[in-house]
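Values quoted throughout were computed directly from the atomic coordinates according to the rules given, and no laboratory measurement underlies them. Here the structure is a predicted model, which is why all the values come from computation and not from measurement. Don't worry about glycine lacking a Cβ; one is built from the backbone with ideal geometry, like all the others, and counts go over all protein chains shown.
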Amino acid sequence: MATHQRGYLEIKEMILLGEIPMGARIVEARLAEQLGVSRTPVREALRRLTSDRLVEFHPNRGYQAVSYSAEDVASIYSCRALLESEAVRLVAACGLDESAVTCLSDVNAQADALFASGLPKEELRSRFLRLNNEFHSTLYGACPNLILRRLIKTTTEIPMGIRNYFRFSDLQVEASHAAHKNILRAVLNGESERAGALMREHIWTAKDQMMDRTGNAASDDRKHPEAALSYMPKLDQEPEKTSVFLTTNLEQ
């Protein structure tokens, strides 16, 4: 793989995984040293990541990882509700192939076993997040509209920092799994409009819960029991915008 492409992919992954925190200033020379490359591929990668809207450039200050406010994430959810519900509607209308049916059914079966396992809450949450992501990515991967799949990828490719922004309650995590089972049932039954509507509600409820959390710290976790994880749990505090990125081992 060419150095420029490798640099781009590695830096992008560092941002998405939260190794470069939201709002962190990115020092080209230090990042180049850490990756073992010259500054040229790093500079080119940062330009591409600016186009991807994962990095911002400020004259006299250089590059900085993008930060997302609660309002930004609410806007993302609004887009996701439109895009993902349409993708699921199309999947239900066209049908799933055998491998996708097997994968989605297995993911839901694993989640059933997970919630019955009695595992510690944090371990259960971590394992379910992986299953949650697999469920959504497999379902959208079956969408016959390539452009729609690309748009969904854009709206779900959000830095890991946001995953610590929206912390759903245990009740909501389990309800997210229940929503997945209802969505899959509608898809397998060929109920395209119903499947799309269920996915739309899945995303919109998550948005409502996010707004409750940011607008009222004392909000009752049980107010919206069907909140969807859909890739993003909740921020406890805004990241330091003046931090300087030095190493991939920075803790959030």
- Task: Restricting attention to region 1-39, report how many residues are under 19 Å from VAL66 (Cα atoms), touching a Ser or Thr at 6+ places or on another chain (Cβ under 9 Å) and part of a loop (DSSP other than H, G, I, E, B).
- Result: 7
- Message: Can you go through ILE15, ILE26, ILE20 and tell me which one is in contact with a helix residue (DSSP H, G or I) (Cβ under 6 Å, 6 or more places away or on another chain) and of a type in the set (A, V, I, L, M)?
- Response: ILE20
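Filter region 120-148 down to the residues that are among the hydrophobic types (A, V, I, L, M, F, W, C) and within 16 Å of SER176 (Cβ to Cβ) and list them by number.
LEU124, PHE128, LEU129, LEU131, PHE135, LEU139, listed by residue number.
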